[in-house]
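Report on the following structure.
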Amino acid sequence: MSAIAPLAQFRAVAYAARDSSEQQRAASIEDQLRNCRRRADDQGWAIVREFADRAISGADSSRPQYREMLSAAECGEFDVLLVDDLSRLARDQVESERAIRRLEFLGIRIVAIADGYDSQSKLATRKIQRAVKGLVNEMRLDELREQVHRGLTGQAIKGYWCGGRVYGYALRPILDPARLDPYGQPERIGTKL
């Protein structure tokens with residue numbers, strides 16, 4: 001009978017990502033990593049590295065830290081991948097499934113803390129869970145895309161600037177004195193050229 005390695009010998013990495021959405025706080029990355037660290041501590045795993053992509057959509061599979069994490073997996077640098085939830089890994093269902101299957105093939109355990117996903121759970125259960133979660137994540141991305149386009153259309157109808165580089169124009173903020181930003185200043189509701 002072979003001896004089982006103690007849990008403390010498992011090498012874990014944490015991966016965190018924050019969308020470029022204004023609805024997320026910059027502290028979101030640290031919050032995700034804190035949850036990953038807590039789970040690693042609870043399990044007795046040593047976090048050997050942390051990866052974090054800031055302000056890059058989960059739909060983008062070319063995220064630098066995401067690619068680096070996958071490369072580290074290929075090199076056998078860790079045994080467990082911790083993510084706060086599966087949407088941090090990828091918001092595209094196909095990319096998420098591709099990454100999870102590759103990581104599992106390499107023998108890496110994947111734990112999504114908020115989702116309760118663990119790649120070592122029963123095969124049927126985990127496949128159903130990640131398929132449903134992957135579909136929900138991808139649908140959320142579609143919803144966000146529609147909301148952004150709706151918001152940009154509304155700003156354009158009002159004659160406000162909607163972004164992009166501007167040459168030969170000065171930007172003039174449109175402020176709402178009835179609403180205050182977190183610093184107590186009138187809230188910016190748009191910009192005119």
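Need at least 2 residues that are without any contact (Cβ under 8 Å) to a residue 12 or more places away in the chain and not charged (D, E, K, R) per element, so show me which helices (runs of 4 or more DSSP H) inside the stretch 37-143 make the cut, counting only ones lying wholly within it.
Here the list reads 64-74, 93-105.
What are the residues in the stretch 151-186 that are surrounded by fewer than 10 Cβ atoms within 10 Å (Cβ to Cβ) and of a type in the set (D, E, K, R), if any? So that I can check it myself, show each step before the final result.
As a first pass, look at the stretch 151-186 and keep what is surrounded by fewer than 10 Cβ atoms within 10 Å (Cβ to Cβ): 157, 163-165, 167-171, 177-178, 182-184.
Residue satisfying the conditions is Arg165 alone.
Given the conditions (1) among the basic types (Lys, Arg); (2) within 26 Å of Leu33 (Cβ to Cβ); (3) assigned to a helix (DSSP H, G or I), and given that Arg150 satisfies all but one, which numbered condition is not satisfied?
(2)
Tell me yes or no: at least one residue of the stretch 110-129 is touching a Phe, Trp or Tyr at 6+ places or on another chain (Cβ under 6 Å) and more than 17 Å from Val13 (Cα to Cα).
yes
Can you find a residue that is at pLDDT below 95 and aromatic (Phe, Trp, Tyr) anywhere in the stretch 70-84?
no
Scanning the stretch 1-29 for residues that are surrounded by fewer than 14 Cβ atoms within 10 Å (Cβ to Cβ) and modelled with pLDDT of 60 or more, which turns out nearest to Glu143 (Cα to Cα)?
Out of the qualifying residues, it is Ala27.
Could you list all residues from the stretch 59-111 that are in contact with a helix residue (DSSP H, G or I) (Cβ under 7 Å, 6 or more places away or on another chain) and of a type in the set (Asp, Glu)?
Asp84, Asp92, Glu97
The values are calculated or read from the model by the stated rules, or taken from the named source; none is laboratory data. What you are looking at is a predicted structure, and each value in this text was computed from that prediction instead of being measured. Every residue, glycine as well, gets a Cβ built from its backbone with ideal geometry; the counts of neighbours run over all protein chains shown.
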